[in-house]
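Q: I have a structure here, written as structure tokens, and I will follow up with some questions on it.
The values are calculated or read from the model by the stated rules, or taken from the named source; none is laboratory data. Source: prediction; values computed, not measured. With ideal geometry, Cβ positions are generated from the backbone for all residues, glycine too; neighbour counts draw on all protein chains shown.
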Amino acid sequence: MRAVILATLAVLLAGGSAWAQAAGGQPLGAATASPAPPTAVPEKAWSFSASAATYVVPDEPDYVQPAFSADRGWLHLEGRFNYEDRDTGSAWCGYNFSVGKTVTLDITPMIGAVFGNTNGVAPGYKGSLGWRVLQLYSETEFVIDPGDSENNFLYTWSEFEVAPVDWCRFGLVVQRTKVYQTEFDIQRGFFVGVSYKGLDVTAYVFNPDANRPTVVVGVGLSF
């Protein structure tokens with residue numbers, strides 16, 4: 001009788017094992033293989049951004065300042081118009097790199113050629129330093145005119161922003177430019193911006209304590 005019971009148990013165990021394997025399962029006590037890792041999604045070869053800032057300047061004609069940039073890995077290419085001077089373009093090449101996780105630093109040293117009403121060569125950079133909802137952004141260049149050193153000029157644009165939610169940001173802004181004339185060597189103000197997916201719209205008010213402040217409306221698209 002004992003031999004019959006043992007034989008019956010052996011048959012049941014063998015049958016259960018065969019059924020489990022046929023159904024795609026594993027026999028009891030067998031090692032379970034780890035699932036195959038997901039296939040990595042390849043990074044986009046290029047990323048692009050286009051922007052246009054409309055300047056409403058007291059006692060001077062309004063103008064638009066367009067810019068376009070293309071990035072691939074470390075390579076940064078950029079074109080600007082009406083940035084260094086009216087009716088003046090500039091072409092840039094730079095090197096992207098980033099460091100940090102909790103506190104992040106993204107910076108791009110660049111070299112540019114300036115041509116039009118103002119001509120020259122311009123070393124510069126653009127970059128941002130971020131921590132949680134805070135970010136400091138800056139872009140600066142020094143235009144060197146080989147023909148006339150009096151035209152050498154330091155341009156800068158810097159923002160300190162708070163972004164309490166992904167779609168809204170606000171903060172303080174400063175700039176130094178000679179594209180238009182004001183009584184302030186360094187202009188300062190505030191801004192508010194909203195974004196949706198790759199679209200960003202930001203309004204800036206410079207010199208708010210002046211009789212007529214300068215207003216800038218910027219629209220940017222990343223893709």
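Q: Got at least one residue in the stretch 126-138 being surrounded by fewer than 16 Cβ atoms within 10 Å (Cβ to Cβ) and in contact with a Ser or Thr (Cβ under 6 Å, 6 or more places away or on another chain)?
A: Among the residues of the stretch 126-138, not one is surrounded by fewer than 16 Cβ atoms within 10 Å (Cβ to Cβ) and in contact with a Ser or Thr (Cβ under 6 Å, 6 or more places away or on another chain), which makes the answer no.
Q: Got at least one residue in the stretch 114-125 being closer than 18 Å to S49 by Cα, assigned to a strand (DSSP E or B) and without any contact (Cβ under 8 Å) to a residue 60 or more places away in the chain?
A: So far as the stretch 114-125 goes, yes, one or more of its residues are closer than 18 Å to S49 by Cα, assigned to a strand (DSSP E or B) and without any contact (Cβ under 8 Å) to a residue 60 or more places away in the chain.
Q: Considering only residues that are farther than 19 Å from P61 by Cα and touching a residue at least 12 places away in the same chain (Cβ under 8 Å), look in the stretch 81-98 and name the one that is surrounded by the most Cβ atoms within 10 Å (Cβ to Cβ).
A: For the stretch 81-98, the residue satisfying everything is S90.
Q: Of all residues in the stretch 66-108, which are under 25 Å from D148 (Cα atoms) and not hydroxyl-bearing (S, T, Y)?
A: The answer is G79, R80, F81, N82, E84, D85, R86, D87, G89, A91, W92, C93.
Q: Right, something else. With respect to the numbered conditions (1) in a strand (DSSP E or B); (2) without any contact (Cβ under 8 Å) to a residue 12 or more places away in the chain; (3) of a type in the set (D, E, K, R), which one is the sole condition not fulfilled by K101?
A: So K101 meets the others, but not (1).
Q: Something else about it: Among the residues that make up the stretch 69-90, is at least one of them farther than 21 Å from G220 by Cα, touching a Ser or Thr at 6+ places or on another chain (Cβ under 7 Å), modelled with pLDDT of 95 or more and assigned to a strand (DSSP E or B)?
A: no
Q: Next question, about the same structure. Could you count how many residues in the stretch 59-110 are aliphatic (A, V, I, L, M) and farther than 19 Å from F142 by Cβ?
A: So the answer is 7.
Q: Now, a different point. Hey, can you tell me all the residues within the stretch 141-180 that are within 15 Å of V114 (Cβ to Cβ), surrounded by fewer than 17 Cβ atoms within 10 Å (Cβ to Cβ) and touching a Leu at 6+ places or on another chain (Cβ under 9 Å)?
A: Matches in the stretch 141-180: F142 only.
Q: Residues in the stretch 191-209 that are more than 20 Å from the chain's Cα centre (by Cα) and either part of a strand (DSSP E or B) or closer than 18 Å to A50 by Cα (or both): how many?
A: So the answer is 2.
Q: Hey, among D85, D106, which residue is of a type in the set (D, E), out of contact with any Cys (no Cβ under 9 Å at 6 or more places or on another chain) and more than 23 Å from V201 (Cα to Cα)?
A: None of the others qualify; the one that does is D85.
Q: Still on this structure: Any idea how many residues of the stretch 44-61 are under 21 Å from the mean Cα position of the chain (by Cα) and either surrounded by 14 or more Cβ atoms within 10 Å (Cβ to Cβ) or assigned to a strand (DSSP E or B) (or both)?
A: The number of residues fulfilling the criteria is 8.
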